[in-house]
C-alpha cells in the first residue's frame, strides 16, 4: 500500500509469461498493459473489483521496503 497525495493506493500486478497488466485501487483503473487481450483485461478487472477487500487486506501486510531489499537481513 502506498500513498498518492493524501490517499492510499494499491497496485495489483498480473503476469503470465511475457504478458503483464497493472491495476490501481481505488478506482480499479488499468495502469498499464503489455500483451493481454481486451477479454483478458475485462476478466482481470472484474477480479480486482470483486476482490478489493482481500487485496487491501493483503496489501496491509506487505512492507514495501522489505520487498525492495528482499530478506537479506535474515
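The values are calculated or read from the model by the stated rules, or taken from the named source; none is laboratory data. Just so you know, these numbers come straight off a predicted model, no measurement behind them. Cβ sites come from the backbone with ideal geometry, for glycine too, and all protein chains shown count toward neighbours.
Within segment 16-28, the set of residues being in a strand (DSSP E or B) and either modelled with pLDDT under 95 or surrounded by 12 or more Cβ atoms within 10 Å (Cβ to Cβ) (or both) comprises 19, 20, 21, 22, 23, 24, 25. Return a yes/no flag: does segment 35-51 have any residue that is surrounded by 11 or more Cβ atoms within 10 Å (Cβ to Cβ), in contact with a strand residue (DSSP E or B) (Cβ under 6 Å, 6 or more places away or on another chain) and modelled with pLDDT under 95. No, because not a single residue in segment 35-51 is surrounded by 11 or more Cβ atoms within 10 Å (Cβ to Cβ), in contact with a strand residue (DSSP E or B) (Cβ under 6 Å, 6 or more places away or on another chain) and modelled with pLDDT under 95. Scanning segment 30-50 for residues that are more than 15 Å from the chain's Cα centre (by Cα) and not in a helix (DSSP H, G or I) gives 35, 36, 37.
Looking only at residues of segment 62-74 that are in a loop (DSSP other than H, G, I, E, B) and either under 23 Å from residue 20 (Cα atoms) or modelled with pLDDT of 90 or more (or both), we find that the one that is farthest from the chain's Cα centre (by Cα) is 70. Candidates are the residues of segment 1-15 that are at pLDDT below 80 and either touching a helix residue (DSSP H, G or I) at 6+ places or on another chain (Cβ under 6 Å) or on the phi > 0 side of the Ramachandran plot (or both); the one that is surrounded by the most Cβ atoms within 10 Å (Cβ to Cβ) is 1.
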